[in-house]
Amino acid sequence: MTADVETELRDALRAEADTVAVMADPWPRFRRREAGHRSVRRIRAGAIAGFLAAAVGFQTNLIPLPGWFPGIAVASSPSPLADGPARGGLAADHNWMDGLRRQPIDLQDPEGWWRITDRDAIRIVYADDIPGRRIALVFVPLRLGIITDSTLVWFSGPPGAEPEQMQQAGNEPADTAVATWMQSDAENGGAAVVIGPAGSTVTISGFSGYSPKGVVESHQLSSSVGTGIGVTSLPPTTLVGGPALAARVTSGDTVIYEGPVHGGWSGSDDSQEPTDEMLTAAIRDTRGPVMDRAILARFVGHALRDSRLSVHDVTIRVRWCGKINDRPAALFTIQPTNGGVIAYAIHGDTTGWRTDLRLLLPADGAEQRPIAWRMRAEGGDTRTDRVNVVAPPGAATIVVTVVEGTPTPVTLDTSGFGTTTVPPDKPAIVTAHAAEGTTLMSTPVPAFETNSGGLPGASTNTRITG
Amino acid sequence: MPDDDEERFREFVLQQWGPLTRTAYLLTGDRGVAEDLVQSALEKTHRRWGRILRKDAPGVYVRRVMVNTAVSWRRRRRTVEVPLLDADAVASPDDYHRAENRHQLLQALRRLPPRMRAVLVLRYFEDLSEADIARVLGCSTGTVKSQASRGLARLRADLEPPSTIIETSLQEDPA
């Protein structure tokens with residue numbers, strides 16, 4: 001080994017890093033945790049103003065406070081998941097449960113140490129053996145100086161693990177309505193757990209593909225009625241980014257949660273950026289000045305990861321290139337073999353870009369559709385009334401019709417691109433006409449996405465079918 | 001964050017989360033800590049996003065925050081017992097020994113001082129240049145070179161039979 005420790009080290013680091021599961025879409029969880037930290041910072045700032053110098057020592061937990069000392073509770077402390085008795089197959093094993101209560105440890109973040117001041121107040125939400133491992137969700141009350149808060153901590157261990165073998169496997173805000181956990185790898189598969197409030201119904205499904213009719217296809221993996229717990233094993237998968245799972249949690253007619261199952265996946269991190277040959281084929285019929293190949297490759301690679309498609313199994317068509325807000329922009333489609341067509345509009349460059357449109361279309365006639373997308377303000381999230389339009393080949397005129405309004409013609413440039421205005425909250429449709437006036441095709445102008453997590457086509461704002 | 005581009009930051013998070021988590025894990029040896037570390041570094045980056053976009057490379061900035069935080073955080077988990085290397089073990093090319101060697105190498109890496117470990121992870125996992133590592137760590141390229149050299153020497157020393165350890169230590173790691 002010592003003959004070339006550098007090579008050995010490089011190989012070892014890469015092999016070790018490949019064992020780390022990462023979330024395919026970390027944004028929703030990042031935002032939730034960030035919002036929680038911001039709340040704590042705001043409260044702490046107000047509290048410190050009152051307690052002055054003494055509070056500084058308490059607040060960073062340099063001077064520990066006793067557990068009975070009254071604290072300022074952060075609003076997110078109550079947990080809808082911790083109501084009621086512990087759930088899962090290990091709930092009756094009191095010795096094991098008592099042992100697990102001793103496992104949570106103080107948590108550190110840049111603000112200081114979050115101390116567990118009352119271990120008797122730790123509650124086990126769920127503990128059970130699931131395929132391949134033992135898993136538990138634990139409600140942990142915490143204190144940072146004079147601020148009290150709580151969090152939900154996942155613990156996992158090998159099948160039949162003793163409490164001290166259980167290791168922390170992520171945490172979630174205590175006020176979350178649904179906690180999800182997933183761990184899977186490309187070679188061995190894994191498992192997923194979804195915990196909703198006691199008494200709720202939990203269904204877990206897995207992504208199968210994009211149907212030619214323009215809908216996201218999924219298959220049900222598990223469903224449980226009235227337990228508030230969903231568990232499924234996961235077979236090995238070659239899907240880009242690992243298993244794409246969705247959960248639906250309901251209570252009666254109320255939908256508590258409908259969205260992705262977050263968790264970790266480990267596998268090869270192959271680039272999905274298209275090769276130069278692929279791009280050459282993709283831009284064969286592009287209208288407008290074709291952009292820098294590196295930027296286009298980055299845009300397409302991002303879209304493929306976003307849609308969980310492999311660059312080797314899709315047809316890419318760049319319909320239009322140009323500039324939006326003075327930055328390179330493209331409208332392109334990707335179509336998996338025998339599947340639906342996903343349109344992406346993106347502008348930016350290789351260092352940063354914005355996805356303006358994700359829209360799943362039926363395969364039939366997709367190339368003949370006019371496509372329009374709404375724009376947010378550059379540099380912010382404000383919704384504007386600006387709508388960009390790209391005409392299909394053979395279209396002579398384009399009109400945009402706002403619901404209950406009259407058709408408004410859109411002036412097109414030589415690349416078939418134009419802009420118009422539509423009130424941000426009004427549904428609209430874009431229609432292409434041939435020179436002799438016949439209608440070629442119409443496409444709804446999709447509403448703004450409210451949550452860009454999840455697959456394109458999974459929400460009504462990102463598909464036109466159903 | 002008055003006029004900053006939230007969407008660009010979201011894309012940044014999507015692009016960087018995986019690589020940062022893997023680097024954080026190599027720095028800390030703990031998956032849970034790694035995720036907390038990445039969350040913390042990205043939150044700090046978010047707070048200064050506008051300024052970072054104008055004055056700094058976001059990828060360098062977030063790594064600087066993450067590495068500095070990793071170095072300063074106290075260990076809060078029990079360390080894994082590291083079995084002593086059998087000095088008489090014969091290096092074998094089979095898979096078992098390769099895996100064992102790799103395990104020993106990673107354990108040796110985790111025994112290094114945090115900044116020295118960070119230099120090696122950034123150099124041999126992230127493939128950063130010495131200049132970029134210096135920017136991340138806020139030090140000179142000369143310091144990076146010497147830290148890398150000493151780090152590699154310690155790894156060699158940890159993995160050599162005892163007689164060689166003494167020799168290597170005397171030659172390359174006088175501190």
(message) Order these by the 10 Å Cβ neighbour count, fewest first: A:Ser211, B:Ser149, A:Ser307.
(response) B:Ser149, A:Ser211, A:Ser307
(message) What do you get for the angle between helix A:293-307 and the principal long axis of chain A? Use alpha-carbon atoms, 0 to 90 degrees, nearest ten.
(response) 60 degrees
(request) For chain A, give the magnitude of the charge dipole about the Cα centre (Cβ charges: +1 Lys/Arg, -1 Asp/Glu; no others), in debye to the nearest 20. (result) 1200 debye
(message) With angles folded into 0 to 90 degrees, how steeply does helix A:27-59 sit against the dominant principal axis of chain A? Use alpha carbons for both and round to 10.
(response) 50 degrees
(request) Among A:Asp356, A:Asp120, A:Asp18, rank each residue by its count of other Cβ atoms within 10 Å, from fewest to most, as a rough exposure measure. (result) A:Asp120, A:Asp18, A:Asp356
(message) With an 8 Å Cα cut-off and a minimum separation of 6 or more residues, compute the relative contact order for region A:147-223 in percent.
(response) 18 percent
(request) Can you bin region A:181-263 into rounded, prolate or oblate? Criterion: square roots of the alpha carbon gyration tensor eigenvalues sorted a ≥ b ≥ c, rounded for a/c under 1.5, prolate for a/b above b/c, oblate for the rest. (result) oblate
(request) Compute the relative contact order of region A:181-263 as a whole-number percentage, counting only Cα pairs closer than 8 Å that sit 6 or more residues apart in sequence. (result) 36 percent
(request) Could you line up A:Phe155, A:Phe139 from fewest to most neighbouring Cβ atoms inside 10 Å? (result) A:Phe139, A:Phe155
(request) For chain A, find the longest principal axis of its Cα atoms and tell me its angle to the long axis of helix A:5-17, 0 to 90°, nearest 10. (result) 90 degrees
(message) Need the C-alpha centroid separation for region B:143-157 versus region A:169-195, integer Å.
(response) 39 Å
(message) Once you keep just the Cα pairs under 8 angstrom separated by 6 or more residues, what percentage relative contact order results for chain A?
(response) 10 percent
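Coordinate-derived values only; no laboratory data. Please read all numbers here as calculations on a predicted model, not as lab measurements. Cβ atoms come from the backbone with ideal geometry, glycine included; neighbour counts cover every protein chain shown.
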